[in-house]
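Report on one structure; see the data block that follows.
The values are calculated or read from the model by the stated rules, or taken from the named source; none is laboratory data. For clarity, every value in this text was computed on a predicted model and none was experimentally measured. Backbone-built Cβ (ideal geometry, glycine too); neighbour counts: all protein chains shown. The area values use the complete protein model at the heavy-atom level, side chains included, leaving out ligands, DNA and RNA. Shrake-Rupley method; radii C 1.70, N 1.55, O 1.52, S 1.80 Å.
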Amino acid sequence: EEAAEANAGLERYFPFALLGMAGLFLWQFGSLRKAGIVLASIPFVMIGATLGLLLTGQAVSYTATLGLLALAGIIVNNAVLLLERTAEEETLGKPVFDAVVDAAAVRFRPILMTKLTCVAGLVPLLLFGGELWRPLAATMIGGLLLGTLVTLLLIPALYVISFSGRAPARVAPAAAAGA
């Protein structure tokens, strides 16, 4: 009964958390399209988390829900890193497609290694964490694996689709001379 009440509270405020995240991304990027691209990775986290629970035979619990909420923040971080690096590449005067490819190449390994490290750290919790922590670990492992994979493919693709008609950003002559 207490778990159902706690889950109901999380479910009630989750839409507000998403709106808050969307607002922060809109403020950070100053672009509705970029904020939408970042938020597009969240549904895949939910799919990965569900698969993690199903494959390990764990039930949806309060700790699994907490893991899902944590995942949303972790995975959008990947998207933010990719978009920031893409913006850096564009300031060098690269066309959108080249900027995205170069940004993905530069950020691929760091993103992959940090997420695999997280997964490796969660494996003992999955194996030995008991009934309380296994659902959280299963949720986070599934969400990290699928969410990271999708983010590394989806975010660059959405960026190219959204911004391919745009001319490359140019560095101002004074800024280029100082570099």
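Taking the C-alpha atoms only, the angle from helix 96-128 to the longest principal axis of the chain is near 20 degrees. In region 15-92, the portion of solvent-accessible area held by carbon and sulfur atoms comes to 74 percent [1.4 Å probe, whole percent, DNA, RNA and ligands not counted]. Of Trp27, Trp133, the residue with the largest accessible area leads and the full order is Trp27, Trp133 (1.4 Å probe).
Of the GluC sites (Glu not before Pro) found in region 1-102, the ones in coil according to DSSP and having at most 11 other Cβ atoms within 10 Å of their Cβ are Glu1. Kirkwood analysis of the Cα pair distances in the chain returns a hydrodynamic radius of 17.5 Å.
Over the chain, dividing the summed -39,500 (n - 2.57) contributions of all DSSP H runs of at least 4 residues by the number of residues returns a 222 nm mean residue ellipticity of -30000 deg cm²/dmol. On C-alpha positions alone, give me the angle between the axis of helix 62-91 and the longest principal axis of the chain, in degrees, nearest 10. Result, in degrees: 10. Accessible area ranking (1.4 Å probe, heavy atoms, ligands and nucleic acids excluded), largest first, for Tyr159, Tyr13: Tyr13, Tyr159. Across Ala137, Ala79, Ala17, mean-square fluctuation computed from a Gaussian network of the chain (C-alpha pairs under 10 Å connected) peaks at Ala17. Once you have a ≥ b ≥ c as the square roots of the Cα gyration tensor eigenvalues for region 19-64, tell me rounded if a/c is under 1.5, and otherwise prolate or oblate according to whether a/b is larger than b/c. In terms of gyration-tensor shape, prolate. The distance between label points at Ala22 and Val160 comes to 2.7 nm (points 7 Å beyond Cα on the Cα→Cβ vector). Temperature 20 °C, viscosity 1.002 mPa s: under these conditions the Stokes-Einstein estimate for region 75-135, based on its Kirkwood radius over C-alpha pairs, is 160 µm² per second. Rounded to the nearest 10 degrees, the angle from helix 130-163 to the longest Cα principal axis of the chain is 20 degrees. Between Val123 and Ala70, the modelled labels are 1.8 nm apart [label points 7 Å from Cα along Cα→Cβ]. Contact order for region 1-81, expressed relative to its length and based on alpha carbon pairs under 8 Å spaced 6+ residues apart, stands at 36 percent. Between Glu88 and Glu11, the FRET efficiency estimated from the beta carbon spacing at R0 = 35 angstrom works out to 0.40.
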